[in-house]
Amino acid sequence: MNSLCSKNVGRYAFLLAIGIVCLLKTGIQAAAPLGRDVAAVYDPAKILAVKVAMDPKDWARLRQQHPDRLGEMQGQVTNPEPYTYFKASVTINGESVSEIAVRKKGNLGSVVSTRPSLKLDFDEYDSKQRFRGLKGLTLNNNVQNGALLHQYLAYHLFRKAGLAAPLCNLAHVTVNGEDLGIYSNVEPIKKNLLKRHFGKGKGDLYESGGDFHRDAYRYFQKKNNRDSHERPALKGVTEALARSDAEVLPALEKHLNLDAFYRFWALDVLIGDWDGFICNRNNAYLYRNPVDEKLNIIPWGLDSVFEDPGLYIVSEVPKSVKAVTILPRRLYSLEASRTRYLETVRELLSEVWDEEELKALIEQAKALVKGKLHLPESYFLKELGLIETFIAGRRSAIEAELNAGVPEWPSEGSRPAMSGGMLSAASQFETTWQGAIGEFRSNDGGKGELSLVMDGKTETLSKVFVQAGKETLGPRIGYPLINVEGHSETFGPVGIYLYVDPFSYGKKQQYPVDFYEVFGIMLRPRAGAFELHSLSLMGFVFGQLSLDKSSETVGDTVSGGFQLQVILN
């Protein structure tokens with residue numbers, strides 16, 4: 001483990017050796033060795049210091065840009081290209097690059113104005129400009145969790161398993177002197193990565209969003225070769241999955257790298273990825289390798305990991321298998337394929353899942369981020385403790401299920417996220433601004449009314465409790481938060497939590513609850529405590545928030561109301 005933390009040459013030789021083992025055992029192509037400059041930029045034993053300088057007005061505009069998710073739902077997208085580039089300069093580990101382009105990135109959960117995820121393009125204004133041979137950097141803000149290390153650890157495991165996956169280390173980011181804290185520096189899914197893993201980088205590349213069902217494969221977003229509208233591999237997988245049980249695997253083998261997919265699937269389950277390709281058709285790229293014309297799945301956005309079963313699965317399901325989306329569900333329904341999957345899980349537990357190695361990586365990262373955190377160190381360490389507990393107990397939990405027999409995947413476990421129907425919520429409220437709101441909510445709150453309408457029936461909730469203050473923990477640190485909780489005879493305790501963009505709060509009376517200017521969720525809260533890991537997600541909300549009075553002075557009145565629609569999980 002000491003060589004992992006201190007000797008770069010030994011570490012990369014180790015990773016290459018693992019890739020060769022995987023090649024021999026599974027036929028998966030080993031990745032080409034890293035160049036020295038690229039290896040230095042993504043060295044997991046070092047933190048990347050990134051200092052961006054740009055016009056303050058451009059920085060203000062950048063951080064408030066966002067996709068039109070509400071318009072997308074309603075079929076009237078107002079900004080199909082929501083993010084624009086702004087000119088900047090950057091200093092990386094003391095090395096300066098001028099005339100670069102910076103834009104915001106992300107969608108839904110990761111899109112915040114306080115600490116936006118960023119893409120840095122070095123060649124936007126000068127096609128020949130590079131930094132250490134790279135055209136750009138992708139800096140993910142890690143807002144989904146307080147432990148910050150999810151991507152740092154998860155991508156390491158995918159690469160160790162011999163699978164195509166981005167390089168990743170940690171970065172300390174400042175913009176115009178504003179300390180934004182710890183980001184994940186993740187290698188973009190572009191030609192360099194594809195060529196390194198597959199030998200060629202010009203094959204068709206898609207981003208997740210579709211599924212292998214009827215015409216739903218057309219919703220995978222094509223990222224290159226856009227002159228061609230043909231999607232032969234995607235269509236081939238879709239048609240193969242619709243064949244009879246006896247025909248599925250031979251037909252699928254023609255269009256999908258099955259060796260790699262079983263390893264991807266098994267590892268995605270081992271790390272507890274509840275918002276990825278297996279559980280939510282999300283956070284992945286699909287690459288049609290021009291060498292054999294087969295699809296490969298590449299993980300992306302691995303910030304919702306090391307948790308089981310996660311926020312979206314509401315039924316009792318096993319830990320050793322997840323099969324929510326069509327591809328894994330169809331494969332798990334076949335006896336031969338199910339056996340192959342479970343054998344792969346055991347292989348990965350033996351070859352890849354190394355508790356001591358992961359512990360060493362965590363200790364290394366803790367030393368790297370010390371003094372550079374954007375959130376309280378006690379909160380970081382507490383959240384990190386959840387990862388450590390998950391890692392320590394994962395092997396025994398999985399093996400106990402496998403040793404007990406073939407785990408059954410329940411039909412109710414395949415219900416897609418946010419498919420529980422709709423209800424309406426309305427409220428009038430008045431409270432006082434409490435300042436910082438942390439993990440435990442005060443019992444000193446305001447009053448109001450909260451009603452729910454479902455299937456034409458209206459229920460007025462009892463024990464309504466209202467708070468307003470600034471969020472100090474969780475994904476939207478620094479956001480003004482208004483939460484209205486009450487007791488429902490149908491659902492028990494429920495709460496509506498509205499996070500208002502800090503750059504908009506107090507400047508008007510009407511706010512769209514549109515996932516961005518106001519981000520809203522409906523939860524089942526626990527009395528007093530507010531820990532995301534122990535809450536049940538009831539759904540996302542959209543509609544209108546009205547604030548008659550708003551303030552960020554402790555003791556001042558905050559009052560208003562909302563009319564919302566809730567997409568139930």
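The values are calculated or read from the model by the stated rules, or taken from the named source; none is laboratory data. No experiment lies behind these values; they were computed from the predicted model shown. Virtual Cβ from ideal backbone geometry, glycine too; neighbours counted across all protein chains shown.
What to note about this one:
- Looking only at region 180-236, and only at residues there that are farther than 30 Å from residue 372 by Cβ and in contact with a His (Cβ under 7 Å, 6 or more places away or on another chain), the one that is modelled with the lowest pLDDT: 233
- Sub-6 Å Cβ pairs linking a first residue in region 518-533 that is within 23 Å of residue 306 (Cα to Cα) to a second residue that is modelled with pLDDT under 85 and part of a strand (DSSP E or B), at least 6 apart or interchain, are 524/536; 529/440, ordered by first then second residue.
- Residue in region 278-295 that is of a type in the set (A, V, I, L, M, F, W, C) and part of a helix (DSSP H, G or I) present: yes
- Test result for residue 75, assigned by TED's automatic domain parsing to the domain that holds residue 181 and either over 25 Å from the mean Cα position of the chain (by Cα) or under 27 Å from residue 364 (Cβ atoms) (or both): no
- Selected residue [of a type outside the set (Phe, Trp, Tyr), under 19 Å from residue 434 (Cα atoms) and not in a strand (DSSP E or B)] from 561, 469, 495, 478: 478
- With respect to the conditions (1) without any contact (Cβ under 8 Å) to a residue 12 or more places away in the chain; (2) in the same structural domain as residue 204 (by TED's automatic domain parsing), residue 343 lacks only one, and its number is (2).
- Qualifying position, being over 30 Å from residue 269 (Cβ atoms), surrounded by 22 or more Cβ atoms within 10 Å (Cβ to Cβ) and in contact with a Gly (Cβ under 8 Å, 6 or more places away or on another chain), among 120, 194: 120
- For residue 180, the requirement of being surrounded by fewer than 23 Cβ atoms within 10 Å (Cβ to Cβ), touching a residue at least 60 places away in the same chain (Cβ under 8 Å), assigned to a strand (DSSP E or B) and of a type outside the set (Val, Ile, Thr) is met.
- First in region 30-49 and more than 17 Å from residue 185 (Cα to Cα), second anywhere and surrounded by 15 or more Cβ atoms within 10 Å (Cβ to Cβ) and modelled with pLDDT of 90 or more, Cβ under 6 Å, 6 or more apart: 31/196; 31/197; 32/196
- Selected residue (criterion: farthest from residue 175 (Cα to Cα)) from residues of region 117-141 that are in contact (Cβ under 8 Å) with a residue 12 or more places away in the chain and of a type in the set (S, T, N, Q): 129
Rundown of residues vs (1) in contact with a Phe, Trp or Tyr (Cβ under 9 Å, 6 or more places away or on another chain); (2) at pLDDT 95 or above; (3) assigned to a loop (DSSP other than H, G, I, E, B), yes/no style:
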residue	(1), (2), (3)
463	no, no, no
485	yes, no, no
490	no, no, yes
499	yes, yes, no
502	yes, yes, yes
505	yes, yes, yes
512	yes, yes, no
519	yes, yes, no
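- Qualifying residue in region 201-222 (condition: of a type in the set (Gly, Ala, Ser), assigned to a helix (DSSP H, G or I) and surrounded by fewer than 23 Cβ atoms within 10 Å (Cβ to Cβ)): yes
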